[in-house]
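Following: one structure in structure tokens, then a few remarks.
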Amino acid sequence: MLFTRILGGVGRVMIASGVLILLFVTYQLWGTGLRTNAAQDRLTQEFAQQEAARATASTLPGGDEGGPTTTTSAPGTGPAVTVTPATAIGTTGAAAPVDSSVPAPVPGKPIGQIKIPKIGADFEMVEGVDLNYLADGPGHFPGTPLPGQAGNAALAGHRTTWLAPFNRIDELAPGDQVQIHTLQGDFTYQVIPAPGAAADQAYFIVSPNQSEILDQVPGQNTLTLMACHPKYSAAQRIVVVAKLVDAPAPSTPKSVDNTEGGKAVSQEALFGGSGGDLVGGHPESQSAAIWWSVLAGAIWLAAYLIARRWRSWKQWERWAVYVVALPFFLVPLFFAFENINRLLPAGY
């Protein structure tokens, strides 16, 4: 009957839609991690090159520790800068001469590594908190000191996707360590109790417009870790603060202008708005999402037509067609999901 055929067709469409939704959820939870893993490998190499360039500069005449001046110029950072060695500063956060031997961080580029042994986090950090940067790893808020320096350094990171570097920060307790490695050396932070909470609780929750967590308090050298809360939502922010145990490093030049992320969501979107304000910020991905989806659909349709072409084929022979077509279907589907994900509201 015609009604039965229509009902059967609707059922197959609904089943296929359900499978695609499950595949998209799978992509968000685990597929995004493939991109982050690749980005982390790239960032590791780039940071190693930064360290090598800095080590080379330190061996130039007058560049050893204690020498009168150092002239450095990292690739792509502009002309050389003459630096007068800065004296160490104490844990009081007193001002010190700016160390210009460390170039200003570039948005999207590595600034060092962060390790949190308690929760198994081990990531390269990047400059900037735009969504396209946080897909690579924990991002540093431009305008705050770099980790290891005097003042309140602030980082943001994902909790549920893109390898979720801050997935378990709610498990941190006072006394847990956060280890930082930058061009200026190694630094250890110790998690402190949350204000107004029990002595054994380190995290606290703030509303999206409470940007005071980025404020600089004279005499306090801290590291603020922030992510969206609860998981799978951007309604609130979860915050953990750690104090610097070591003497802080000298300050360095601030982040350069973000010329690469003009279409990305700026850090202001993290504050002063609802979770709906955290959009993907990539409208240019719409056409790519459509074309990759069409290609994936065409491949699967071709497999269906081939499997149905010869009625004499046995059932296993038809399934063999789908098995062969599956990898050719999943590749464009992955890119389709990637571009669709860029169009959707995003959470941290």
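The values are calculated or read from the model by the stated rules, or taken from the named source; none is laboratory data. Model, not experiment: these values are computed from the prediction. Every residue, glycine among them, receives a Cβ derived from its backbone with ideal geometry; neighbour counts consider all protein chains shown. Just the protein is used for accessible areas: all its heavy atoms, side chains included, with ligands, DNA and RNA removed. Shrake-Rupley method; radii C 1.70, N 1.55, O 1.52, S 1.80 Å.
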Considering region 161-193, residues that are of a type in the set (A, V, I, L, M) and within 16 Å of Ile119 (Cβ to Cβ), and then whichever is surrounded by the fewest Cβ atoms within 10 Å (Cβ to Cβ), we arrive at Ala173
Where a residue in region 335-348 is open to solvent by 30 Å² or more (accessible area, probe 1.4 Å) and its partner, wherever it lies, is at pLDDT below 80 and of a type in the set (Val, Ile, Thr), with Cβ under 8 Å and at least six apart: Leu344/Val279; Pro345/Val279
Is it the case that region 122-142 has a residue that's crowded, with 23+ Cβ neighbours inside 10 Å, farther than 21 Å from Asp246 by Cα and among the β-branched types (Val, Ile, Thr)? yes
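Residue by residue, here is whether (1) under 27 Å from Ile340 (Cα atoms); (2) in contact with a Lys or Arg (Cβ under 6 Å, 6 or more places away or on another chain); (3) in contact (Cβ under 8 Å) with a residue 40 or more places away in the chain holds:
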site	(1), (2), (3)
Gly139	yes, no, no
Gly143	no, no, yes
Asn152	no, no, yes
Gly157	yes, no, yes
Ile169	no, no, yes
Phe204	no, no, no
Is one or more of the residues making up region 131-151 of a type in the set (A, V, I, L, M, F, W, C), closer than 27 Å to Phe24 by Cα and at pLDDT 90 or above? yes
Do we have Ala199 as farther than 18 Å from Pro142 by Cα, free of Cβ contacts under 8 Å to residues at least 60 places away in the same chain, open to solvent by 60 Å² or more (accessible area, probe 1.4 Å) and not in a helix (DSSP H, G or I) here? yes
Inspect all residues belonging to region 311-318 and state whether any of them is open to solvent by less than 40 Å² (accessible area, probe 1.4 Å) and either in a helix (DSSP H, G or I) or at pLDDT 90 or above (or both). no
Select from region 206-245 the residues that are closer than 19 Å to Asp176 by Cα and either among the β-branched types (Val, Ile, Thr) or without any contact (Cβ under 8 Å) to a residue 60 or more places away in the chain (or both) and write down the one among them that is surrounded by the fewest Cβ atoms within 10 Å (Cβ to Cβ). Val245
